[in-house]
Amino acid sequence: MNPRTVIERTVVALSTLLAAAFAGLLLLILGFLLMGAWPALNGRLLFGDAPAWPALSGQVPVWDGLWPALAGSLMLVTLAIGIALPLSIAAGIHQAEYARGRRGRLAYTLVDLLAGMPSIVMGLTGFMLILLLRNILPEANTSLLLAACCVALLVLPYLVQATRVSLHQLPAELRLSAQALGLSQSQAILHVYLPAASPGILSGCILAIGRALEDVAVILLTGVVAETGLPGSLFDKFEALPFFIMVTAAEYRDEAQLARAFAAALLLMSLSALLFATARQLQKRSLS
Amino acid sequence: MSERLLATAAAFAGGIAACAVFAILALLLWLGLPLWRDPALLISLAGSSWNPAAGEIGLASMAAGTLLLAASALLLAYPCGLLLALSTLGLAPRPLAAAMRTLLALLSGIPTVVYAFVSVWLLVPWLRDSLGLGMGYSWLAAALTLGVMLTPTVALLLSGALSPTFTRLQAAGDALGLSRVQLLLWVVLPAERRALLSALLLSSGRAVGDTLIALMVSGNAIWLPANPTEPLRTLTAHIAITLAADTQSQAYAAIYAASLLLLAYVALVHFLTASLSDESAHRH
Amino acid sequence: MSAIRCHQLSLAIGKRQLLSNISLELPGNKLSVLLGPSGSGKTSFLRVLNRLHDDTAGARVSGELTLSLSGQTIHPYHHGTDPVWLRRRVGMVFQHPNLLPGSIGHNLRLPVQLVKNPPRAELAQRIEAALREAQLWDEVCMRLDAPAASLSGGQQQRLCLARALILQPEILLLDEPTVSLDTQASSDIEALITSLKCRYTLVMVSHNPVQAKRLADKIIVFRDGSLVDS
């Protein structure tokens, strides 16, 4: 047989095999997590023995439930996206619509470099900021706000890129007709280009939420702890779902905590899948 | 008036985004000052003995650990990712290919911590108890986990890079009587060598930057492994572990040096990728 | 009197010379048709008139161009002339309907609010007037909130015309407005254009000599970026 034919057949066989293997892997991960989480999947998962309503608002501490970690993660993500989104949309507009020539290319490069940085370096940045701050404010410490700022720094380049690319991909005719209508540049950007680019920006934003939600390396150095309950203010330490999963992988008190960590992994995975599915749906719609 | 306002606000935000890199670099250099001023300590950086109390802060074995882990994970992830990308592009029957894309998207969406967690409770015990490979926490375990985690990402990256060329050439290939696999292997792949290389570079950046899998699965021994069943430590994990445990200024200084090494790698990857795409832009 | 006058007008983008030494005069409140094969520079010339090449990298316009707007003589390429101000007085309709994403009403409301910002009560009147002028009112008055993309090709093109008219331009540039339409829709648009020429100075690009003869008060023929006879 022709050697090329051998290679072709091998490639087809291997790729089919691999596809099946990775489908099996997804099922394996799901099944394994489900099995481990089974004892914890009941009404007590979030709040444990604490009464639900007072625990929800943090009046009663939750010792054996996922609520503080879930709430911490949600607060962290909300804050981080709240900080990063306005900043990065404005920066994306700058790169797509205003920056030109050499300086424009430099701005692209710097944001792309930021996107490539290991997340642990973002965490270290927060840690270094606190070291410096302590020279002025001796009691400065890592906290929810600091972690949110660093996570914002982590997702900022993705959001800038999403905004920039969505604006660049607008059809040239749309730009021409906005100009021919006599709209000024800022009017065209705010009332025509941004609304037209919004599905792309939104799907970038959802992916950024996913990144912020799953990150551990940044918050590890900027204020996450294993057990503290709900943070009372922006300057408190906080718990987070992915951190709880990581800590439990190294050490755990009892079987119930281990089962809760499995449940937390399942929960985190479903949240991520949900975010990804939404983003894909949006991308499809913006393409059609 | 509003014209100026929007332009100024956008330029301000653009400035912040662009300056972040310089700010991080400046922080690292500034806080690392004690280290840059101490020649003996600087020289010890290049060694492989880590004993901050004795003034030895060698990063060599961690740097080698990072490269070993990243290279071995890519050795698994890149060929697998390429094959999976080919199968979504056209090796698999059409409905199956669509299902494959969804599967890859789902897998690439699984948080890193979940991969590491599953690995700790499934792969590590299997290596330890069934295969009898030492503690289980090892270079091998970390490489397998990182490789599996990177595969769907690599596959999606490659299928995105190859699909425009494939779609463009499909009609011509059909007219010549080429099968899909022939078109992909002998026409599309050679035409997209640069895209293949830049995807490799990009995923190597991801592999080097990973912290969690290295931290949770690799065993974190501070010496170099003699074989894949022994533990190793990466620069990223070293940063996390040192900041959690040490409070000595020498140890901190080494952390700043480790971060600068990582950033240098990221920058190298970026400029290599950029020069690749520049050259291909000149060609077309 | 002539509304548009140019002398030795040239356009180059990078090293490509798209228009060279165009000198012509186009009459006010008449329909002038720019005729020629594709690539001959008709559309490029049209876009010079409202400075639509400004954002094209490497585009250079040289020579003299004057427009007469509200009795004044305007030099579009002189330093003090604001391109935004110019484009608000020189409306344009493209080859293919270039609708903004959104409803029929939104396509008219957004530009008029941003450019003229009339009081609310006047807004509805203006929209109705523009749609009547574009002979679209009877077809869409009941569904201004429907997506603009749901209209037929001819209706979309008339909506684009209405969108240009609502800004009350004095000169209207039409870039092969019938090229993407079927015969019936084309003749609707042609009739509409004829009815508009007593109120506006119209400049239309066409590649169809029969259409040009049927409609034009003046015909200018382009070939390879220059004029053939005028």
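So if I check each of A:GLY31, A:GLY36, A:GLY92, A:GLY104, which one is assigned to a helix (DSSP H, G or I), within 14 Å of chain B (Cβ to nearest Cβ) and in contact with a Lys or Arg (Cβ under 6 Å, 6 or more places away or on another chain)? So that I can check it myself, show each step before the final result.
Details: A:GLY31 fails: in contact with a Lys or Arg (Cβ under 6 Å, 6 or more places away or on another chain); A:GLY36 fails: in contact with a Lys or Arg (Cβ under 6 Å, 6 or more places away or on another chain); A:GLY104 fails: in contact with a Lys or Arg (Cβ under 6 Å, 6 or more places away or on another chain).
That would be A:GLY92, the only listed residue that is assigned to a helix (DSSP H, G or I), within 14 Å of chain B (Cβ to nearest Cβ) and in contact with a Lys or Arg (Cβ under 6 Å, 6 or more places away or on another chain).
Of all residues in segment C:85-110, how many are assigned to a helix (DSSP H, G or I), within 19 Å of C:ARG143 (Cα to Cα) and either facing chain A (nearest Cβ under 7 Å) or touching a Phe, Trp or Tyr at 6+ places or on another chain (Cβ under 6 Å) (or both)?
Number satisfying all stated conditions: 1.
Filter segment B:177-201 down to residues that are over 13 Å from B:THR165 (Cα atoms) and modelled with pLDDT of 90 or more and give me whichever is surrounded by the fewest Cβ atoms within 10 Å (Cβ to Cβ).
B:LEU197
Suppose the filter is of a type in the set (Val, Ile, Thr), assigned to a loop (DSSP other than H, G, I, E, B), in contact with a strand residue (DSSP E or B) (Cβ under 7 Å, 6 or more places away or on another chain) and over 21 Å from C:GLU25 (Cβ atoms); does C:THR56 pass it?
Yes, satisfied.
If you scan segment B:30-55, which residues turn out to be without any contact (Cβ under 8 Å) to a residue 24 or more places away in the chain and either of a type in the set (Ser, Thr, Tyr) or within 14 Å of another protein chain (Cβ to nearest Cβ) (or both)?
B:TRP30, B:LEU33, B:SER44, B:SER49, listed by residue number.
Against the definition (more than 14 Å from every other protein chain (Cβ to nearest Cβ), surrounded by fewer than 16 Cβ atoms within 10 Å (Cβ to Cβ) and touching a helix residue (DSSP H, G or I) at 6+ places or on another chain (Cβ under 7 Å)), how does A:LEU41 come out, yes or no?
The answer is yes for A:LEU41.
Could you tell me how many of the residues in segment B:147-184 are within 13 Å of chain A (Cβ to nearest Cβ), touching a residue at least 12 places away in the same chain (Cβ under 8 Å) and of a type in the set (A, V, I, L, M)?
10
What about A:LEU170, is it part of a loop (DSSP other than H, G, I, E, B), more than 10 Å from chain B (Cβ to nearest Cβ) and of a type outside the set (Val, Ile, Thr)?
Spelling it out, A:LEU170 is indeed part of a loop (DSSP other than H, G, I, E, B), more than 10 Å from chain B (Cβ to nearest Cβ) and of a type outside the set (Val, Ile, Thr).
Anything in segment A:115-135 that is in a helix (DSSP H, G or I) and facing another protein chain (nearest Cβ under 7 Å)? List them, or say none. Reasoning before the result, please.
Step one: of segment A:115-135, the residues in a helix (DSSP H, G or I) are A:115-116, A:119-133.
A:GLY116, A:SER119, A:ILE120, A:VAL121, A:LEU124, A:THR125, A:PHE127, A:MET128, A:LEU131, listed by residue number.
Give the residues of segment B:56-77 that are of a type outside the set (A, V, I, L, M, F, W, C), touching a residue at least 40 places away in the same chain (Cβ under 8 Å) and out of contact with any Leu (no Cβ under 6 Å at 6 or more places or on another chain), sorted by residue number. So that I can check it myself, show each step before the final result.
Of the residues in segment B:56-77, the ones of a type outside the set (A, V, I, L, M, F, W, C) are B:56, B:58, B:61, B:65-66, B:72.
Going one step further and asking which of them are touching a residue at least 40 places away in the same chain (Cβ under 8 Å), we end up with B:61, B:65-66, B:72.
Of everything in segment B:56-77, just one residue is of a type outside the set (A, V, I, L, M, F, W, C), touching a residue at least 40 places away in the same chain (Cβ under 8 Å) and out of contact with any Leu (no Cβ under 6 Å at 6 or more places or on another chain), namely B:SER72.
When you scan segment C:14-22, do you find a residue that is free of Cβ contacts under 8 Å to residues at least 60 places away in the same chain, in a strand (DSSP E or B) and not charged (D, E, K, R), even just one?
As a first pass, look at segment C:14-22 and keep what is free of Cβ contacts under 8 Å to residues at least 60 places away in the same chain: C:14-16.
With in a strand (DSSP E or B) added as a condition, the list becomes C:16.
Applying the additional criterion that residues be not charged (D, E, K, R) yields none.
The answer is no, given that none of the residues of segment C:14-22 is free of Cβ contacts under 8 Å to residues at least 60 places away in the same chain, in a strand (DSSP E or B) and not charged (D, E, K, R).
What number of residues within segment B:95-146 satisfy the criterion of being more than 10 Å from chain A (Cβ to nearest Cβ), more than 24 Å from A:ASP215 (Cβ to Cβ), touching a residue at least 12 places away in the same chain (Cβ under 8 Å) and in a helix (DSSP H, G or I)?
Here the count works out to 3.
Sort through A:GLU139, A:GLU173 and tell me the only one that's surrounded by fewer than 23 Cβ atoms within 10 Å (Cβ to Cβ), under 26 Å from B:LEU31 (Cα atoms) and of a type in the set (Asp, Glu). Steps first, please.
On the way: A:GLU173 fails: under 26 Å from B:LEU31 (Cα atoms).
Matching residue, one of A:GLU139, A:GLU173: A:GLU139.
Within segment C:7-41, track down each residue that is within 17 Å of C:LEU52 (Cα to Cα) and hydrophobic (A, V, I, L, M, F, W, C).
Within segment C:7-41, C:LEU9, C:LEU11, C:ALA12, C:ILE13, C:LEU18, C:LEU19 meet the criteria.
Contact list please: Cβ distance under 9 Å, first residue in segment C:114-125 and farther than 23 Å from C:VAL84 by Cα, second residue surrounded by fewer than 15 Cβ atoms within 10 Å (Cβ to Cβ), pairs at least six apart or on different chains.
C:GLN125/C:PRO118
Of all residues in segment A:176-190, which are crowded, with 18+ Cβ neighbours inside 10 Å and either more than 15 Å from A:HIS94 (Cα to Cα) or β-branched (Val, Ile, Thr) (or both)?
Across segment A:176-190, the qualifying residues are A:SER177, A:ALA178, A:GLN179, A:ALA180, A:LEU181, A:GLY182, A:LEU183, A:SER184, A:ILE189.
Determine whether B:LEU6 is more than 7 Å from chain A (Cβ to nearest Cβ), buried (at least 19 other Cβ atoms within 10 Å of the Cβ) and either without any contact (Cβ under 8 Å) to a residue 12 or more places away in the chain or within 25 Å of the chain's Cα centre (by Cα) (or both).
When the stated conditions are applied, B:LEU6 does not pass them.
Can you find a residue in segment C:128-148 that is over 22 Å from A:GLY182 (Cα atoms), within 14 Å of chain A (Cβ to nearest Cβ) and not acidic (Asp, Glu)?
Yes, because at least one residue in segment C:128-148 is over 22 Å from A:GLY182 (Cα atoms), within 14 Å of chain A (Cβ to nearest Cβ) and not acidic (Asp, Glu).
The values are calculated or read from the model by the stated rules, or taken from the named source; none is laboratory data. This structure is a prediction, so every number in the text was calculated from the model and none was measured. Neighbour counts are summed over all protein chains in view; Cβ atoms, including those assigned to glycine, are modelled from backbone coordinates with ideal geometry.
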